[in-house]
Structures are given as C-alpha cells and as structure tokens.
Amino acid sequence: MVPDSEDGAEVEGAEAEVEGPSEGTDSSDIGGSADGPGAEPGDTAGIEDGAELDDPGGAEEAGEGEDLAALQEELKRLRDQHLRLAADFENYRKRASAELTGNWVRARADLVRSLVEGLDDLQRVSCFTSEDTTVEALIEGVDLVERNILKALTEAGLEVLNPEGERFDPNIMEAMMRVPAEEDGQDETVHQVFLKGYMFKDQLVRPARVSVYKDDD
C-alpha cells in the first residue's frame with residue numbers, strides 16, 4: 001500500500017536529522033573551542049601571566065639574600081679594620097709612654113750631670129783641715145760650690161725668687177709676718193726675705209718666705 005511507504009520514509013528522515021553532524025564536521029565548529037563556550041584562543045595568556053607573577057617574588061628574595069651577604073662582608077671588613085686600628089693605637093701608646101719615660105730619665109740624668117761638678121767641689125772643701133787651710137780659703141771654696149750648683153740649676157731652668165722691696169704676690173710669696181709701714185707707699189710691699197723662693201720652668205718649686213709692710217689703720 002502506498003500510504004504505508006510514505007510514512008516509513010518520513011520516519012527515516014527524522015532519524016537522520018537526530019544523528020547530528022557527519023564525520024567530516026570539525027568539532028570546533030560546534031559549541032566553540034575546548035576551553036568552553038565563547039572562549040577565545042587568546043584567553044590562555046591570562047593563565048601564563050599568572051604563572052609569571054610568581055617570578056618577581058623569588059627574584060626579590062634572591063636580591064635580599066645578596067644584600068645581606070654584602071652587609072655581612074662589610075661588617076667583617078669593618079671589624080677587622082677596627083681591630084687593626086686598636087692594635088696600632090695600643091702600640092703607639094706604648095711607644096709614646098716609653099719615649100716619655102726615656103725623655104724624663106735623660107732630662108734627670110742631664111741635671112744630675114750638671115750637679116756633679118758642684119759635688120766634686122763640695123767634697124774638696126770637706127777635705128780641708130785647720131792645719132793647711134785658712135778661713136778665707138774655706139769661705140772661697142764654699143762660694144765656689146754655691147756658684148757652680150746655682151749655675152747648673154739656672155741652666156736647667158731654675159729661677160731664683162728674691163722679691164725684697166717688690167709688691168707682695170701671694171702666688172709666689174708666703175707672708176711670715178707683717179711689719180708696720182714706715183713711709184707712704186710701703187703698704188703690701190716686701191720688707192725682708194727670710195728664705196728665697198724658686199721657680200722651675202714656670203712651676204713654683206718653693207715660695208719666697210717674706211715679711212710684708214702693712215699700714216696701720
């Protein structure tokens with residue numbers, strides 16, 4: 001029967017449409033790419049950029065490590081330099097102390113050397129006897145000893161303070177007593193020197209001991 005054949009043809013055509021595309025059809029044409037519907041090929045760059053974002057952190061850590069190593073090396077260099085400077089300063093201090101001590105000893109030796117001649121004269125005077133020496137010779141010998149010793153000390157830097165008649169100076173004089181002034185203008189002047197004073201290179205060895213005029217008020 002003819003109607004039955006037409007119904008069968010319609011069924012077969014419907015089945016063919018349901019089966020989908022043929023084997024030659026590219027799967028990319030259906031529903032877009034494998035990355036999902038509507039995805040573009042360039043969208044994979046976002047994933048690659050995300051991977052590259054991890055690299056700056058590692059580089060920063062590496063840079064910090066290099067800076068730390070450089071600082072440690074600089075600290076080591078400065079420590080070594082400090083130790084060398086400390087050692088040099090200690091050696092300099094020892095040398096300066098030794099030189100100062102040596103200079104002091106030599107200065108004292110020079111002073112003693114200058115006094116030896118006076119000591120020789122004093123020993124000769126002590127050998128005088130009343131049988132072969134007059135009083136005049138003894139006095140002359142003592143004067144010679146005094147002159148030699150004073151010369152040696154003066155050359156070494158000693159200054160004799162004999163301030164009779166000068167204005168009283170408490171820095172280099174010591175007032176033993178006060179004497180009433182006899183004339184105008186004598187107030188606070190030296191009346192008499194009981195004991196001479198001495199200065200050695202601007203250092204007071206002994207103040208002059210004096211009596212001082214004082215006006216009666």
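Of note:
Quick grid of which residues meet (1) modelled with pLDDT of 85 or more; (2) surrounded by 10 or more Cβ atoms within 10 Å (Cβ to Cβ); (3) among the aromatic types (F, W, Y):
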position: E52; (1), (2), (3): no, no, no
position: G65; (1), (2), (3): no, yes, no
position: Q72; (1), (2), (3): yes, yes, no
position: R79; (1), (2), (3): yes, yes, no
position: Y92; (1), (2), (3): yes, yes, yes
position: V112; (1), (2), (3): yes, yes, no
position: G118; (1), (2), (3): no, yes, no
position: R124; (1), (2), (3): no, yes, no
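- Residue in segment 156-177 that is closer than 19 Å to V116 by Cα, surrounded by 12 or more Cβ atoms within 10 Å (Cβ to Cβ) and out of contact with any strand residue (DSSP E or B) (no Cβ under 7 Å at 6 or more places or on another chain) present: yes
- Residue check, E90 free of Cβ contacts under 8 Å to residues at least 60 places away in the same chain, among the charged types (D, E, K, R) and not assigned by TED's automatic domain parsing to the domain that holds S211: yes
- Which numbered condition L150 misses (of (1) touching a strand residue (DSSP E or B) at 6+ places or on another chain (Cβ under 8 Å); (2) in the same structural domain as A208 (by TED's automatic domain parsing)): (2)
- Qualifying residue in segment 201-216 (condition: on the phi < 0 side of the Ramachandran plot, among the aromatic types (F, W, Y) and in contact with an Asp or Glu (Cβ under 9 Å, 6 or more places away or on another chain)): yes
- Candidates are the residues of segment 85-139 that are under 49 Å from the mean Cα position of the chain (by Cα) and of a type in the set (S, T, N, Q); the one that is nearest to K151 (Cα to Cα) is S114.
The values are calculated or read from the model by the stated rules, or taken from the named source; none is laboratory data. All values reported here derive from a predicted model rather than from experimental measurement. Quick reminder, even Gly has a Cβ in these numbers, built from the backbone with ideal geometry, and neighbours come from all protein chains shown.
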